[in-house]
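The values are calculated or read from the model by the stated rules, or taken from the named source; none is laboratory data. Keep in mind the model is a prediction, meaning the values are calculated, not measured. Methodologically, a virtual Cβ is constructed for each residue, glycine included, from the backbone with ideal geometry; neighbour enumeration extends over all protein chains shown. All accessible areas refer to the heavy atoms of the entire protein, side chains included, with ligands and DNA or RNA removed. Shrake-Rupley method; radii C 1.70, N 1.55, O 1.52, S 1.80 Å.
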Amino acid sequence: MPEPTKEGMNCVRIRLHNEDLPEGFFCESAVAIDTETMGLQMPRDRLCLVQLSTGDGDADIIQISQSQQSAPRLKRLLEDPAILKIFHFGRFDIAALKGRFGYNISPVYCTKIASRLARTFTEQHGLQALCRDLLGIELQKQLQSSDWGAIHLTEEQLQYAASDVIHLHAIRQSLDYILQREGRMKLAEKCFEFLPVRADIDLLGWSGKDIFAH
């Protein structure tokens, strides 16, 4: 395991956009995605931010307005079958995006699910633990609870939001190695395929229940 170092967010370029991705936004084959909402209860708590990183170490952040009904360029990206969407705890983010805009997001990858299947030697599968254990990076999570609906976001908020996506490509690569080594990649892929269905179940009101339980 690499020796943990303090995250160097000062060198990350953060591009803030209003309501949608800019024209000409390019993603080759995979994009890391996260969301920020007013809280954790849907549909009560609205979607406020969508963060993206194409794996170049930079981040694009879309500020979603309160009355916004669509984001056509974001929709095109999220529904593109040729582009893999990488999440951490994708169940929540997929539900937040579909609940707000109705987008059918596919294909998807979730680093939290991948970690649970690959790293069975630990119960620590949060993004902070994955960055520390796999990349040797210490994430700063002080702004996890924040007013993401504010019209003017602070530099600290933007840096926090960006930190949730810029490492996901590298984390996925590390987890894929373990999944392949342990013979669990096909199982992981089937779990990822099910994620949009799990998000639909959450949106219909079964978020706190395991419908597969006895």
Report summary line: By residue number, the members of region 123-136 that are open to solvent by less than 30 Å² (accessible area, probe 1.4 Å) and more than 17 Å from ILE33 (Cα to Cα) are HIS125, ALA129, GLY136
Query raised in the report: Does region 123-136 contain any residue that is touching an Asp or Glu at 6+ places or on another chain (Cβ under 7 Å) and either over 29 Å from ARG46 (Cβ atoms) or outside any helix (DSSP H, G or I) (or both)?
Result: yes
Requested in this report: Would you be able to say whether some residue in region 55-63 is part of a loop (DSSP other than H, G, I, E, B), of a type outside the set (Gly, Ala, Ser) and either open to solvent by 50 Å² or more (accessible area, probe 1.4 Å) or modelled with pLDDT of 95 or more (or both)?
Outcome: yes
Report summary line: Subset of region 39-51, residues basic (Lys, Arg) and free of Cβ contacts under 8 Å to residues at least 24 places away in the same chain, comes to ARG44
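Table: residues versus (1) open to solvent by 10 Å² or more (accessible area, probe 1.4 Å); (2) in a loop (DSSP other than H, G, I, E, B); (3) closer than 28 Å to GLY205 by Cβ.
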{"site": "GLY39", "(1), (2), (3)": "yes, yes, yes"}
{"site": "ARG44", "(1), (2), (3)": "yes, yes, yes"}
{"site": "LEU49", "(1), (2), (3)": "no, no, yes"}
{"site": "GLN66", "(1), (2), (3)": "yes, yes, yes"}
{"site": "GLN69", "(1), (2), (3)": "yes, yes, yes"}
{"site": "ARG73", "(1), (2), (3)": "yes, no, no"}
{"site": "ARG76", "(1), (2), (3)": "yes, no, no"}
Query raised in the report: Has region 52-69 got any residue that is free of Cβ contacts under 8 Å to residues at least 40 places away in the same chain, polar (S, T, N, Q) and over 25 Å from GLU156 (Cβ atoms)?
Result: yes
Report summary line: Across region 176-214, the tally of residues that are surrounded by 13 or more Cβ atoms within 10 Å (Cβ to Cβ) and in a loop (DSSP other than H, G, I, E, B) stands at 3
